[in-house]
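> Right, I'll just put the structure down here and ask away after.
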Amino acid sequence: MVMKKCVHTIIVDNWFPEMCAITLPLMKAYAKKIGADLNIISKRLNPTWPVNYEKMQIWETGRGYDWNIYIDADIIIDPVRMPDFTELSDPRFFYYEAILSPKDQYQSHPYFIRDERNLGISDCFIMTSDLTHDLWHPALCDFDTAKRFCQGNERIVSEFNINLNIARFGLKGLTRIGYDDKHFHLQTTDDYNRQFNGGKCDMTKAEHLARALEKVKQMEIDLPYFQKQFRVDDLSK
């Protein structure tokens, strides 16, 4: 039986088109390679929340898929070297790129206290199966309440909701997706002027773009080929 898969990313309000011209052709090529649909989340359904919370739309758009893979739009992937993680993955688990400590990031919440594992993950690259789809459950509280648990840091309320769902539903995770020193199949570029732990990225937009292109060079990706084959202005195919 052929598994149904979908790769999701967020591009709202024509965000950083110069960066998307680098990352999206690679993402589209990877989706085609693993036989997945590509879903560009482009409409805001939660305008009172930060844009990165819109990944919770996967709760609805990801229904019916065996596997859902979320990738931030500023992450560079190597569509040739990066494997299809769904092929050998246990659907009882979700998979993530980086781990964090809820005790260090958020104020105490009853779900975290009851769960006791202190398990938290970064939300920039996540893979879930139909058995772990509860990870994408929309927030049970409003934005202002979530922000208070995040000590006023608006940027991390998306991760807070995901990590609260992990504790709430007792979801089990494994680090299958991550940085590969041999193949460099996954590299972050850092968001342009993103809020992170109360601070701002010091890079200018031009510096951020230059960093992305340098990573493409280091990863030995034939970017012109993928840009020609998978046009950014024609993501429907």
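> Given Cα pairs under 8 Å that are at least 6 residues apart, what percent is the relative contact order of the stretch 5-229?
24
> Angle, helix 157-169 long axis vs. longest principal axis of the chain, Cα atoms, 0 to 90°, nearest 10?
Approximately 60 degrees, to the nearest ten.
> With r defined as the distance between the Cβ atoms of ARG114 and GLU154 and R0 fixed at 30 Å, what FRET efficiency is calculated, to the nearest 0.05? Walk me through the intermediate numbers first.
Details: r = 26 Å, r/R0 = 0.87.
So, using R0 = 30 Å, E works out to roughly 0.70.
> Of LYS33/LYS55; LYS4/LYS28; LYS4/LYS55; LYS28/LYS147, which pairs sit farther than 25 Å apart, going by alpha carbon to alpha carbon?
LYS28/LYS147
> Taking amide H positions as placed 1.01 Å from N in the peptide plane, with prolines and chain starts having none, which residues 5 or more places from ASN39, or on another chain, fall under 5 Å of its amide H?
VAL7, HIS8, THR9
> While we're looking at this one, here's another question. Give the Rg/Rh ratio for the chain, taking Rg as the radius of gyration of the Cα atoms and Rh as the Kirkwood radius, to two decimals. Write down the numbers at each step before the final one.
Details: Rg = 17.3 Å, Rh = 18.3 Å.
Using Cα coordinates only, the ratio equals 0.94.
> Through the Karplus equation 6.51 cos²θ - 1.76 cosθ + 1.60, θ set to phi - 60°, convert the phi angles of the stretch 101-114 into ³J(HN,Hα) values in whole Hz; use x for Gly and Pro.
10, x, 4, 8, 9, 10, 5, 4, 10, x, 5, 5, 5, 5
FYI, it's all coordinate maths here, none of it is from the lab. The model shown is predicted, which means the values in this text are computed figures rather than measured ones. In this analysis, Cβ positions are derived from the backbone assuming ideal geometry, glycine residues included, and neighbour counts consider all displayed protein chains.
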